[in-house]
Amino acid sequence: MYKRQGERAAAVAQLAAEPRAVVLLEAPHRIEELARALLPLGARPLTFARELTKQFEEIATVAADAAPAWLAASPQRTRGEFVVVLHPAPRADDAGAAGERVLRLLLAELPVKTAVRLAAEISGAPRNALYETALALKREDTP
């Protein structure tokens with residue numbers, strides 16, 4: 001991908017800042033290097049499409065931080081030409097809205113602490129913000 005570590009890090013930083021989906025084409029001898037370089041993207045989804053339109057076509061979506069382990073799980077996964085799709089970055093307002101929607105559903109059935117933890121895990125919204133929202137919702141419900 002890049003000869004120098006600094007160039008690779010700069011390219012990954014640009015990818016991390018890109019809110020839209022990005023399509024990358026990679027050769028089999030560099031796919032593991034690419035997966036390691038994308039580790040800083042954390043939970044952002046990547047779709048690996050290997051050997052498209054061929055007999056051994058394989059398509060899988062994994063989190064960027066799980067990509068090296070996914071590739072290492074089978075020697076077949078590092079063979080063939082790759083198309084890698086970096087999914088769009090989640091917008092902060094989307095995570096907050098989704099988190100609140102999930103939180104409202106969970107609060108009807110669970111204690112606040114559990115509902116907040118699960119809503120944060122499901123939506124990716126910040127736990128502290130969800131906790132404040134849960135407290136506000138509870139205050140609204142009390143007469």
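The residues in the range 109-118 that are under 13 Å from residue 135 (Cβ atoms) and either part of a helix (DSSP H, G or I) or under 24 Å from the mean Cα position of the chain (by Cα) (or both) can be counted, and the count is 4.
I'd like to know if the range 99-112 contains one or more residues that are closer than 30 Å to residue 36 by Cβ and either touching a residue at least 12 places away in the same chain (Cβ under 8 Å) or touching a Gly at 6+ places or on another chain (Cβ under 6 Å) (or both). Checked against the condition, which is being closer than 30 Å to residue 36 by Cβ and either touching a residue at least 12 places away in the same chain (Cβ under 8 Å) or touching a Gly at 6+ places or on another chain (Cβ under 6 Å) (or both), the range 99-112 yields no hits at all. The selection criterion, being open to solvent by 80 Å² or more (accessible area, probe 1.4 Å) and closer than 30 Å to residue 131 by Cβ, does not hold for residue 81.
Only one of 11, 17 is open to solvent by 40 Å² or more (accessible area, probe 1.4 Å) and at negative phi. Can you tell me which? None of the other options fit; the residue is 17. In this structure, does residue 74 turn out to be polar (S, T, N, Q), out of contact with any strand residue (DSSP E or B) (no Cβ under 8 Å at 6 or more places or on another chain) and crowded, with 16+ Cβ neighbours inside 10 Å? Considered against the rule, which asks whether it is polar (S, T, N, Q), out of contact with any strand residue (DSSP E or B) (no Cβ under 8 Å at 6 or more places or on another chain) and crowded, with 16+ Cβ neighbours inside 10 Å, residue 74 comes out as no. Can you find a residue that is open to solvent by less than 20 Å² (accessible area, probe 1.4 Å), in contact (Cβ under 8 Å) with a residue 40 or more places away in the chain and in a loop (DSSP other than H, G, I, E, B) anywhere in the range 56-71? Looking through the range 56-71, none of the residues is open to solvent by less than 20 Å² (accessible area, probe 1.4 Å), in contact (Cβ under 8 Å) with a residue 40 or more places away in the chain and in a loop (DSSP other than H, G, I, E, B). A count restricted to the range 99-116 and to residues that are modelled with pLDDT under 90, open to solvent by 30 Å² or more (accessible area, probe 1.4 Å) and farther than 15 Å from residue 141 by Cβ stands at 1. The set of residues from the range 25-44 being crowded, with 18+ Cβ neighbours inside 10 Å and under 29 Å from residue 121 (Cβ atoms) comprises 34, 35, 37, 38, 41.
The values are calculated or read from the model by the stated rules, or taken from the named source; none is laboratory data. Just so it is clear, the structure is predicted and the values come from calculations on it, not from any experiment. Every residue, glycine among them, receives a Cβ derived from its backbone with ideal geometry; neighbour counts consider all protein chains shown. We work out accessible area using only protein heavy atoms, side chains counted, and drop any ligands, DNA or RNA first. Shrake-Rupley method; radii C 1.70, N 1.55, O 1.52, S 1.80 Å.
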